[in-house]
Each structure stands twice: as structure tokens, then as C-alpha cells.
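The values are calculated or read from the model by the stated rules, or taken from the named source; none is laboratory data. As the structure is a prediction and not an experimental result, all values here were calculated from the model. Cβ atoms come from the backbone with ideal geometry, glycine included; neighbour counts cover every protein chain shown.
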Amino acid sequence: MNNNLIQYIYGIADNSLILGQRLGELCGHGPSLETDIALTNISLDLFGQVRSYYQYAAKIQGNDTTEDTIAFLRKEREYKNVLLVEQPNADFAYSITRQFLFDMFHIELLNELQNSKDETLAAIAKKSIKEVSYHVRFSSDWMRRLGDGTEESNQRVQTAVNDLWVFTDELFHQTDADKAMVSEGIGVDVTQLKQSYYHKVSAILEEATIEVPKIEYFQKGGKQGIHSEYMGYILNEMQYMQRTYPNMNW
């Protein structure tokens, strides 16, 4: 069970790690000081959650494993995040849309993870959900503001939704580790979250006067460690210091 539990933790935590790294790239580049600080704080929230998950995974693995080795010394194929969170900060609309599409899933996941038989995961979820509730409000409000704003802002958000929608279905795919943890009462059956997710997302897009894309074929692979061309660049920047100066601590 230990390996399945570790892989399950990676599947949750790696999403927040990579998205937090993407948001970190925006520090100093927000459209306003208030928004810039908000995005940076969301990034820090995600990193804080990641630390809790990785500390738990390191405790399970034992030996010389630490939160730092898990975060910085794995190879690309060992990261289990979805493709959505890897997508670049093409413009502000892309960053907000990516955040919104993930936040709406994240809050649903944490709501259920609070009921996990694993007391540590349940505790992390209960603590994290307070922060993620704010993330949802922030990204949802910006979706409405941009979508129902100027003609240009509407077009930019519509383009972002059209491009990023193809990555949403992977959020509800189950790995073998996911299935094993669900059967133990530890993991969340994400397939049961799909209908609610798309219903809530579509409702906000309607408020934002954004059309829901009609897509039959979705991109996937991140949960199996098969990532987009962007992942290598993210890891190169993120892991540079740790690999160049070994044994640094967060």
C-alpha cells in the first residue's frame, strides 16, 4: 500500500507544485499591484500545501528522503501532475483561465479528501480548503470581469478557454494508485466529481458570457508522467539551485 499511497500523494501535490511555480513566474508582472500580490500569495498557498504533502510522503518512504529531494530531485517522468498546470503564462487571460479551471477541480477534490480514512491527508485537506476557497473566488471573479468586460478581454478569455479546455478531462482520470487508494477509503474517486465540476464551471462561464467549447478529444498523459514540452523547462528552472548546490533546504 505504501507505494500506492506515495504515488497518490504525488498525484495531488505535484499539481500544486507546478502551478505554484507557474504563478511564481508572474511575480512583478501582474496588471496591478493588488493582483500581482494576490497571485503571488496564491502561489505561496500552493507551495505551503505541497510541503505538507511531501513531508508526509517523505515520512512514509523513510531512508534519506526529504521534502526537498521529492520536490527537486525527481526526473520528469516521476512527476504526476496533469497537463493543465504546465501550460504557459501566454497572457493574463491564460493565467486566470488556467487557475480557474484548476481551482474549480481543487475545491471539489479537497471537499471529499476531508473524509479520507488517512488522518494526515484529511487534516491537510481541511487546512488547505480555506485557502483554496479564496483561490476559487479570486479566479471566478476575474473570469466574470474579463469575460463580461471589454471586447478584447472577452476575446482573450474565450481564446484561453478554447485552448485550455482540452486539458480538463484528465483531471478525472484515475491511475492504478488512485484506484487502489479509493478502494482503501483513502483516496477520492475523481470520476464522481466530473459532472458537478463541468456544471459549476459552465455556470460561471455563462455569467462571463464565454461559450463552453465543444470538444470530443482531450489531451492526457501527465498523470502517467508523460508531459508536455513545457515541463522540462519548468523543472530546469525549478531544480537548478538544488542540483547545482546539493543539500540546500527549503
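I need a count of the residues in the stretch 113-158 that are part of a helix (DSSP H, G or I) and more than 30 Å from A180 (Cα to Cα). So the answer is 20.
Just one of the listed residues (V161, V166) is out of contact with any helix residue (DSSP H, G or I) (no Cβ under 7 Å at 6 or more places or on another chain), of a type in the set (A, V, I, L, M), buried (at least 16 other Cβ atoms within 10 Å of the Cβ) and not in a loop (DSSP other than H, G, I, E, B), and it is V166.
Being over 12 Å from the mean Cα position of the chain (by Cα), of a type outside the set (K, R) and under 24 Å from I129 (Cβ atoms) holds for only one residue in L73, L44, and it is L44. Can you say whether E108 is surrounded by fewer than 20 Cβ atoms within 10 Å (Cβ to Cβ) and in a helix (DSSP H, G or I), as far as the supplied structure shows? In short, no. Of all residues in the stretch 208-219, none satisfies being at pLDDT 95 or above, crowded, with 18+ Cβ neighbours inside 10 Å and within 22 Å of Q114 (Cβ to Cβ).
Against the test of being within 18 Å of H106 (Cα to Cα) and out of contact with any strand residue (DSSP E or B) (no Cβ under 9 Å at 6 or more places or on another chain), the options T209, T159, T175, T150 yield a single qualifying residue, T175. Return the residue satisfying two criteria in turn: it lies in the stretch 2-53 and is under 18 Å from R98 (Cα atoms) and of a type in the set (D, E, K, R), and of such residues it is modelled with the lowest pLDDT. Top of the filtered list is D36.
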